[in-house]
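Report on the structure given below.
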Amino acid sequence: MVFRSDEPPLREDTSGALRVGDSRVLLELVIGDFQDGATPEEICQRYSTLRLSDVYSVIAYYLRHREDIDPYLADRERKTQEMAVQIEARQQDLSEIRARLQARRGA
């Protein structure tokens, strides 16, 4: 019997994000769901474009190579937080609009 090692079904998109298999599902979503206790089957139910074998492969790769994947995941989380702060800063204060809407409802 000949054993071969498979590459994980991950691909990097133009923005530098890692996608699972042929889907557009991000690696951090799959690993996050797994860390939250979801089974590979449940993850596939959440993201119908994923293949079960790809999810198992990605999780197995993560478990064997955490020291390589964890910095990527931390960087993605940091970028997500930075983006949330930027979006929040750009949004105007909606309290005035909210007050006018509530006044109309009360009238």
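The values are calculated or read from the model by the stated rules, or taken from the named source; none is laboratory data. Please read all numbers here as calculations on a predicted model, not as lab measurements. Here the Cβ is made from the backbone with ideal geometry for all residues, glycine too, and neighbour counts use every protein chain on show. With ligands, DNA and RNA removed, areas are computed over all heavy atoms of the protein, side chains included. Shrake-Rupley method; radii C 1.70, N 1.55, O 1.52, S 1.80 Å.
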**Study point:** FRET E, pair R104, A84, Förster distance 41 Å, beta-carbon r, rounded to 0.05
**Key:** 0.85
**Study point:** q = 0.09, 0.12, 0.14 Å⁻¹, the chain: log10 I(q)/I(0) [Debye, one scatterer per Cα]
**Key:** -0.38, -0.56, -0.67
Review point. What is the distance, in nm, between label points placed 7 Å from the Cα along the Cα-to-Cβ direction at L29 and at L94?
Key: 2.3
**Study point:** Options G106, Y56, I31, ranked by Cα towards positive dipole end of the chain, top entry (Cβ charges)
**Key:** G106
Check your understanding: Can you pull the percent of the chain's accessible area that's carbon plus sulfur, 1.4 Å probe, other chains left in place?
Key -> 50
**Study point:** Heavy-atom accessible area per residue - the stretch 25-81, 1.4 Å, Å²
**Key:** 60
Review point. Quick one: length gained pulling D75 to E12 fully straight, 0.36 nm per residue minus the C-alpha distance?
Key: 21.2 nm
